[in-house]
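The values are calculated or read from the model by the stated rules, or taken from the named source; none is laboratory data. A quick note: this is a predicted structure, and the numbers were derived from the prediction, not measured. Positions of Cβ are generated from backbone atoms using ideal geometry, with glycine treated the same way; all protein chains shown enter the neighbour counts.
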Amino acid sequence: MRRRDRDVATGRLDADAETIVRAIVPAMLAGALPASPTGRAEAIRATTDGVARAVAGLPPHAQRELGQLFSLLSVAAGRRLFAGVDSPWETATPAEVDAFLVAWRESSWSLKRTAYDALHQIVLAAWYADPRSWPAIGYPGPPSLDG
């Protein structure tokens, strides 16, 4: 098992996986992220951290599969051939990332659709688990247990 697969399998995102998630978050959360550069950067960081926490809560087989997906996407050839993203993740534009996500979501390959679903679910879970995202959707937060 490669190091990055082990990292994700233990609930940690290595530097490559974190970079990939940071590239995906703005595309998946377009329109939901704060408009201010500082607020946007903080929301992306918090969501990326939330993805790492969500991965830690997944069953081991799902952690391994995500590790394999991040391993594939972190290699330039995998990023280009499998995702269609020519730019390194650090410099990929939200439009480039969005195009790859749409292609995966609508792909005739079930493997790509499944990978998209996994990324989509984990990013949205991390975003909506953060109380800072609740006001935009009118969610007041969980009810108080203090009776």
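With the requirement that a residue be under 17 Å from THR48 (Cβ atoms) and either among the small types (Gly, Ala, Ser) or touching a Gly at 6+ places or on another chain (Cβ under 6 Å) (or both), what does the range 90-129 give you?
Hits for the range 90-129 are ALA92, ALA118, ALA125, ALA126, ALA129.
Assess whether PHE70 counts as being surrounded by 15 or more Cβ atoms within 10 Å (Cβ to Cβ), among the aromatic types (Phe, Trp, Tyr) and either modelled with pLDDT of 95 or more or touching a Cys at 6+ places or on another chain (Cβ under 7 Å) (or both). Let's see the steps before the verdict.
Working: surrounded by 15 or more Cβ atoms within 10 Å (Cβ to Cβ): yes; among the aromatic types (Phe, Trp, Tyr): yes; either modelled with pLDDT of 95 or more or touching a Cys at 6+ places or on another chain (Cβ under 7 Å) (or both): yes.
Taking the combined requirement at face value, the residue satisfies it.
Conditions first: (1) out of contact with any Lys or Arg (no Cβ under 7 Å at 6 or more places or on another chain); (2) of a type in the set (Phe, Trp, Tyr); (3) within 13 Å of VAL21 (Cβ to Cβ). PHE70 passes all but one, so which condition is the exception?
Every listed condition holds for PHE70 apart from (1).
Answer yes or no: is there a residue in the range 59-69 that is of a type in the set (Gly, Ala, Ser) and more than 14 Å from the chain's Cα centre (by Cα).
There is at least one residue in the range 59-69 that is of a type in the set (Gly, Ala, Ser) and more than 14 Å from the chain's Cα centre (by Cα).
Regarding ALA56, is this residue under 15 Å from ALA15 (Cβ atoms), out of contact with any helix residue (DSSP H, G or I) (no Cβ under 7 Å at 6 or more places or on another chain) and surrounded by 13 or more Cβ atoms within 10 Å (Cβ to Cβ)?
In short, no.
Scan PRO142, PRO135, PRO131 and give me the residue that is more than 28 Å from PRO59 (Cβ to Cβ) and either at pLDDT below 95 or not aromatic (Phe, Trp, Tyr) (or both).
Details: PRO142 fails: more than 28 Å from PRO59 (Cβ to Cβ); PRO131 fails: more than 28 Å from PRO59 (Cβ to Cβ).
Exactly one residue qualifies, and that residue is PRO135.
Given the residues ALA9, ALA41, ALA92, which is the only one that is within 16 Å of the chain's Cα centre (by Cα), modelled with pLDDT of 95 or more and buried (at least 18 other Cβ atoms within 10 Å of the Cβ)?
Details: ALA9 fails: modelled with pLDDT of 95 or more; ALA41 fails: buried (at least 18 other Cβ atoms within 10 Å of the Cβ).
After applying the criteria, what remains is ALA92.
Taking the range 133-147 on its own, how many of its residues are loosely packed, with under 10 Cβ neighbours inside 10 Å and of a type in the set (Gly, Ala, Ser)?
Here the count works out to 4.
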